[in-house]
Amino acid sequence: MKTNTNANTPIMKFCLPLLLTFMFVSCSDATKNQDSPSVDIEGTWQLVSSVQIQNDSTHTDDLSGQKMIKILNKTHFSFLRHDLDSGKSASPVFVSGGGRYFFEDQKYTEHLEYCNFREWEGHEFDFEVKFIGDTLIQQGVEEIKELGVNRTIIEKYVRI
C-alpha cells in the first residue's frame, strides 16, 4: 500500500522553502530590533550643557546668554552658536561649522569641513553617543596636535 504525503506535492515543495525563508527573515529582524533599537539622530538639537576635561582640569561652559544648535541631516551636520545680545555685548559670540558625519552603533564621527576657526577645518573627531529620551549625550576627544588641543568633551543636547 502506497501512502501519499503532502510534503511531496509540487505545491508543498515550493511553499515549504518559501515559508522557512519567511520565518527566518521575520525572526532575524525581530532579534535585530531588540538588540539595537533604531535611533534617529537626524534633526535639530540644542546644546544644554558642555564640559571639557584637559589633563586634571575640568571646565563647564556657562551657556547663559548664548544658544547653540546642531542640525543633522542624512549625511551632514552643522552647528551654530551665538550670544543672545545680537552681538552688542562687550564679547560678542558667533561660532559656526559643519561637514560630513558618520553614525553607526553609537559611534559618531564628524569631519569638519567648514568652521569660522579655519585651522580646525579638515580634522575628524570621534565620539560615542547615547540617547536618553529626547536627550543626546556626546562624548569624545578633540585633538589637533598642531594647535595644542587635546581634551575630552561631554555635550548634552535636547531635540527641538
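FRET efficiency for the LEU84 to ILE160 pair, using the beta carbon distance and R₀ = 22 Å, is estimated at 0.90. Residue separation of THR109 and LYS145 scaled by 0.36 nm, minus their Cα-Cα distance, works out to 11.2 nm of gained length.
Taking 19 Å as the straight-line reach from the Cα of LYS107, the aspartates and glutamates in range (excluding those fewer than 8 positions away in the same chain) are ASP35, ASP40, GLU42, GLU124, ASP126, GLU128, ASP134, GLU142, GLU143, GLU155.
Would you kindly state how much longer the chain becomes between VAL95 and GLN54 on full extension, computed as 0.36 nm times their sequence separation minus their alpha carbon distance, in nm to one decimal? Before the final figure, lay out each step's value.
Details: separation 41, 0.36 × 41 = 14.76 nm, distance 2.13 nm.
That works out to 12.6 nm of additional length.
Measure out, as a whole number of angstrom, how far apart the alpha-carbon centroids of the range 46-99 and the range 130-160 sit. If we compute the Cα centre of each part, the gap is 11 Å.
No value in this document is a laboratory result; all are computed from the given coordinates. Everything numeric in this text was worked out from a predicted model, so none of it was measured. No Cβ is skipped: glycine too gets one built from the backbone with ideal geometry, and neighbour counts run over all protein chains shown.
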